[in-house]
Amino acid sequence: MRVMVIVKADEKFEAGELPSHELLAAMGKFNEELAKAGVLLAGEGLRPSSKGARVKFSGHKRTVVDGPFAETKELIGGFWLWQVKSMDEAVEWVKRCPSPNVGESEIEIRQVSEPEDFGEAFTPEMREREAAVVPRIGDNPKR
Amino acid sequence: MLAPASETHRAIEAVWRIESARLIAGLTRIVRDVGLAEELAQDALVAALERWPVSGLPDNPGAWLMGTAKHRAIDQIRRRITLERKHEQLGRELEIDEAMGVPDLEAELNEDVGDDLLRLVFIACHPVLSREAQVALTLRLLGGLTTDEIARAFLVPEPTVAQRIVRAKRTLAEAHVPFEVPGVDERAGRLTSVLEVVYLIFNEGYSATAGEDLIRPTLCEEALRLGRILAGLAPNEPEVHGLVALMEIQASRARARVGPSGEPVLLLDQNRGRWDQLLIRRGLAALERAEQLGGAMGAYALQAAIAACHARARAPHDTDWGRIAALYESLARLAPSPVVELNRAVALAMAFGPRAGLELVDELTSEPSLKAYHLLPSVRGDLLFKLGRLDEARVEFERAASLTRNARERDLLLDRARVCGPTGP
């Protein structure tokens, strides 16, 4: 399953303060561990909400509101996409994350929707057709 | 008190998934026996299940498990020394250990874990083991899957898998398989085994169908995870990146492969909006790494490059068929196979017109191994149809329909035969 891991912002982040050398190094090492574990799919740090915008939808109306936005603690500072076996595994990895902010931090984990995505008998024959006849070395056509 | 305990248990399970492979790998280096290493690791897990619900999870769960397991290992070795003088070698090593004082557990844990894990990978896929044993052992020791999960994943009874694993460990012990990364001479061949095991796991998952045990499609994720781990352990091996690229790109199509009523959708008919661009990007990056390492002509890299051609095309008509045909040619030179030639014919036809493809397909009709392969007449029929040779096309479609075992495929082929018009006078 996939999860989105969301690092919440704080005042310093919103003020555009750069993370310390120590934090950058620690985060770098953490990302490396995630990659080596085959867990990391993607991840990005975001800029403060002052560089962002919101578009409000009301009926046919569209209103654009430029950042910064208030509710700091609910703003997103960065995110990851991870491949994990369970929410429990995601939680365990998040616990190992270096503390993103000085003082209090919050990291939210959300499951990515995965619709049932397999259908009826996908025989080896169908699979080859589906892949525009992707070959496998040593494929035995008699099988 | 029940709820907190089960929360801890779930956390312990998660720790196990993250740490077990490295734990077993490190222990194997110490006790030189994969079976014993796994036992010691599981003993440590049992200890964790007893202590952590009470004491809470330690700050470094991996180090705790390793420390606990190592103490047991040393105890075991001591007992063996007392009982059998044959283990003088271990006894000497133990004396040296004791002379140096109590080992710093955290330092020992960090000591070259990567290499140990790589050694474990090679052991699990050792050529002395059968392919099924390699797969079961890999999923067990490196994937952390239970016997039950492996059995359900491969549609095999659990006792069969359990026996397979027991026998595999015994075989490795009896063969005195060394705990080391294969030397330069052996490396390529041994790595090929590893990659074949991983790709086999992936394909098993990729072929899972609806209504089957949900664990089966997760094999794709497991294989991808193993492949990515391997890429981290052996970053200079181009074929590792090639395999990862192939799997990432194939997996990217998972959601587009099935139609609204569960029917399979051919690649050229798929809604490309449902292709997972994240996986495609990762696959292309892995392919680039393989090519940068000089591995563009490896078997997996070539297959990945073909898959990449499709992945890069926004729509079927954007597909670089000329490049695909050239890639199949390289693949054919590396591992000649009539199936590869057939695929090359399809690509040639798409790139240069049906006549170009038909030339090659006509040569293949005398191939004995393709006599009962329904895709040969199916492709030939398609090319003849495009050339306006409808009577011949119909014969081919009907032959293909008679050879396929898939009902839906047969219907499709009979439809195509019908479209060719009635049998001539």
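Points worth noting:
- Nearby lysines by direct alpha-carbon distance to B:K386 (threshold 28 angstrom, same-chain neighbours under 8 apart not counted): A:K142, B:K371
- Legend: calculated FRET efficiency, B:A407 to B:E186, from the Cβ-Cβ distance at R0 = 35 Å, rounded to 0.05, equals 0.15.
- Per residue of peptide B:6-15, the mean number of Cβ atoms on other chains within 10 Å of the residue Cβ is 4.
- Prolate/oblate/rounded label for region B:143-283 (Cα gyration tensor, a/c 1.5): oblate
- Solvent accessible area, Å² - A:S20, 1.4 Å probe, full protein context: 60 Å²
- Looking at region B:273-318, the trypsin sites (Lys or Arg not before Pro) that sit in a DSSP loop and have at most 15 other Cβ atoms within 10 Å of their own Cβ are B:R314.
- At q = 0.11, 0.19, 0.20 Å⁻¹, base-10 log of I(q)/I(0) for region B:287-418 (Debye sum, equal scatterers on each alpha carbon): -0.44, -1.10, -1.17
- Sites A:L81 and B:F352, calculated FRET efficiency, Cβ-Cβ separation with R0 45 Å, nearest 0.05: 0.65
- With the highest mean first, a sort of the peptides B:176-184, B:298-306 on other beta-carbon atoms found within 10 angstrom per residue produces B:298-306, B:176-184.
- Extending 7 Å from Cα along the Cβ direction at B:D415 and again at B:R281 yields two label points whose distance is 3.7 nm.
- Peptides A:89-101, B:138-150 ranked from most to least packed give B:138-150, A:89-101, packing being the mean of other C-beta atoms within 10 angstrom over each peptide's residues.
- Shown is the FRET efficiency for B:E329 and B:N236, computed with R0 = 25 Å from the Cβ-Cβ distance and rounded to the nearest 0.05: 0.35.
- The residues of region B:356-425 present an accessible area of 53 Å² per residue when probed at 1.4 Å with all protein chains retained.
- Exceeding the 28 Å Cα-Cα cut-off - candidates A:K8/A:K56; A:K12/A:K85; A:K36/A:K95: A:K12/A:K85
- Here the extension length gained between B:E288 and B:L155 equals 44.3 nm, from 0.36 nm per residue of separation less the Cα-Cα distance.
- Label zone at B:D318 (point 7 Å along Cα-to-Cβ), backbone N below 14 Å, region B:255-279: B:271-277
- Apportionment of accessible area to carbon and sulfur, the protein assembly as shown, percent (1.4 Å): 53 percent
- About the centre of its Cα atoms, the protein assembly as shown shows a dipole size close to 1500 debye [charges on the beta carbon of Lys, Arg (+1) and Asp, Glu (-1) only; nearest 20 debye].
- Centre separation in Å (Cα based) which lies between region B:279-338 and region B:65-83: 50 Å
- Region A:63-84 and region B:163-237 have Cα centres separated by 40 Å.
- Within 10 Å of each Cβ in B:337-343, the average number of Cβ atoms from other chains: 5
- Solvent-accessible area of A:V102, all protein chains in place: 120 Å² (probe radius 1.4 Å, heavy atoms, ligands and nucleic acids excluded).
- Averaged over the residues of peptide B:16-26, the number of Cβ atoms from other protein chains lying within 10 Å of each residue's Cβ is 2.
- Label zone (B:R274, point 7 Å along Cα-to-C-beta; backbone nitrogen cut-off 17 Å) within region B:310-338: B:311, B:315-316.
- Listed residue (B:Y373, B:A290, B:A332) projecting farthest to the positive dipole end of chain B, Cβ model: B:Y373
The values are calculated or read from the model by the stated rules, or taken from the named source; none is laboratory data. Everything numeric in this text was worked out from a predicted model, so none of it was measured. Note that we place each Cβ from the backbone using ideal geometry, even for glycine, and neighbour counts take in every protein chain shown. Accessible surface is based on the protein model in full, side chains and every heavy atom, while ligands, DNA and RNA are left aside. Shrake-Rupley method; radii C 1.70, N 1.55, O 1.52, S 1.80 Å.
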